[in-house]
Amino acid sequence: MDGVYRLLGGPGSPYSHKLRAVLRYRHIPHRWIVPLGAFRGSGSLGEGTEIAEAGKRQVPVIQFPDGSYHSDSTPIIDELEKRHPGERSVIPDDPGMAFLARVIEEASDEWLPLPMFDYRWNEAVDRVFCPRRQMAGWLGAVPEAELGEAAAAFLSRQETLREFLGGTAENRPLLQSTYDELMGVMESHLATQLFLFGSRPSIADFGLYGQLSQYAVDPTTSNLMKQKAVRLFQWVQLMDDASGIEGEWNAPDVPLSTGARGLLKLAGEVALPMLQAAVDAHLAGKDFQPMVADIRSHGFKTLARPYQAHTLLWLKQAYAALDEATQGRIEPALVESGCLPWLSFREGERDKVPPYCMA
């Protein structure tokens, strides 16, 4: 299959659905594969399958036509831009708009899993449905006893992770309010246009879609979306396969869309403060230790994860690389949203930026 990519993904993985949607939109030949048996509710993902043989322990994993395997959805998207230049790009042509799109994409990737995870593993109806749904996807056709055992093991595993990731009664009001805010922003946006930076989808749209692909399926978050944001619910269906969409980028002097402004505000007030707390912990040698981020006057307690620190350091590096004119053009949007204070390097950070590349 010369020129064909193979995407190994999981049924409940937002990043798998994000990358599949990009491949579909860009008309890049690929095969979508869920390696049956790669996860059985506990232990390492991929044991005894191609995922492990590729040296990976997460999904999605993409195999390039040259046979090499890679993971980490955002660097993969950037690598595909290099390999397929000019072919229905998901990066806005204007560097300022491209940077704003990246801020929204990274904020979606890093914040939105947290409310989803809490709803998914806390609400009673979700605790019944979600582990069975995902294990049925991973295992295929198996007897009820095997499915039930795997689902119970998966639920137990995820309950522990939920606590580590901040899914607690203390944090729950903040987590749930951001989902409600997101639905309001996007429902208003979708009354006037389908995408965030023009009449075609950007990396920001795909980052948001990846997370919402799960919100639209899980019982509680899906019901909330159907009740409060029917346009958004239908947009998620559209984004799953946008291969027929044609469109243009907005001109740089066109005011930002309602959705872009609202999502940047969520980034500046919620996601970026959490990422900065992760950077601070990383520089202090406190990776994977408890941390507290000051988010909207709430002390958000979670675990300091080094990848989140890397994400913000990469954003700071990308912002520093913009020329002064571009920075000046987007500065009003960054100030209005509260993003700007989080995007400049602080003392000791610049030398700690890791290489930006696929895993």
Does the stretch 179-234 hold any residues that are in a loop (DSSP other than H, G, I, E, B) and acidic (Asp, Glu), and which are they?
218
Leading residue by the ranking (farthest from the chain's Cα centre (by Cα)) among those in the stretch 317-354 that are under 13 Å from residue 282 (Cβ atoms) and open to solvent by less than 50 Å² (accessible area, probe 1.4 Å)
348
Taking the condition in a loop (DSSP other than H, G, I, E, B), over 25 Å from residue 241 (Cα atoms) and basic (Lys, Arg), does residue 57 pass?
yes
Just a yes or no: is a residue in the stretch 76-93 without any contact (Cβ under 8 Å) to a residue 12 or more places away in the chain, assigned to a loop (DSSP other than H, G, I, E, B) and within 27 Å of residue 43 (Cβ to Cβ)?
no
So is residue 149 surrounded by fewer than 20 Cβ atoms within 10 Å (Cβ to Cβ) and without any contact (Cβ under 8 Å) to a residue 40 or more places away in the chain or not?
no
From the list 238, 256, 275, 232, which one is over 19 Å from the mean Cα position of the chain (by Cα) and either within 23 Å of residue 339 (Cα to Cα) or hydrophobic (A, V, I, L, M, F, W, C) (or both)?
256
Count - residues of the stretch 95-141 that are part of a helix (DSSP H, G or I), of a type outside the set (Ser, Thr, Tyr) and either open to solvent by 20 Å² or more (accessible area, probe 1.4 Å) or over 14 Å from residue 158 (Cβ atoms) (or both)
30
Only residues that are open to solvent by 10 Å² or more (accessible area, probe 1.4 Å) and either in contact with a helix residue (DSSP H, G or I) (Cβ under 8 Å, 6 or more places away or on another chain) or in contact (Cβ under 8 Å) with a residue 24 or more places away in the chain (or both): list them for the stretch 177-196, please.
180, 181, 184, 185, 187, 188, 190, 191, 192, 193, 194
Any idea which residue in the stretch 24-62 is nearest to the chain's Cα centre (by Cα), counting only those that are among the β-branched types (Val, Ile, Thr) and closer than 21 Å to residue 210 by Cβ?
59
Residues being touching a strand residue (DSSP E or B) at 6+ places or on another chain (Cβ under 9 Å) and either open to solvent by 50 Å² or more (accessible area, probe 1.4 Å) or acidic (Asp, Glu) (or both) - total across the stretch 219-259
3
Hey, can you tell me all the residues within the stretch 266-296 that are open to solvent by 10 Å² or more (accessible area, probe 1.4 Å) and free of Cβ contacts under 8 Å to residues at least 24 places away in the same chain?
280, 284, 285, 286, 287, 288, 289, 290, 291, 292, 294
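The values are calculated or read from the model by the stated rules, or taken from the named source; none is laboratory data. Everything numeric here is computed off the predicted structure, so don't read it as measured data. Neighbour counts run over all protein chains shown; Cβ positions are idealised from the backbone, glycine included. To get the accessible areas, we keep the full protein, side chains included, count just its heavy atoms, and leave off ligands, DNA and RNA. Shrake-Rupley method; radii C 1.70, N 1.55, O 1.52, S 1.80 Å.
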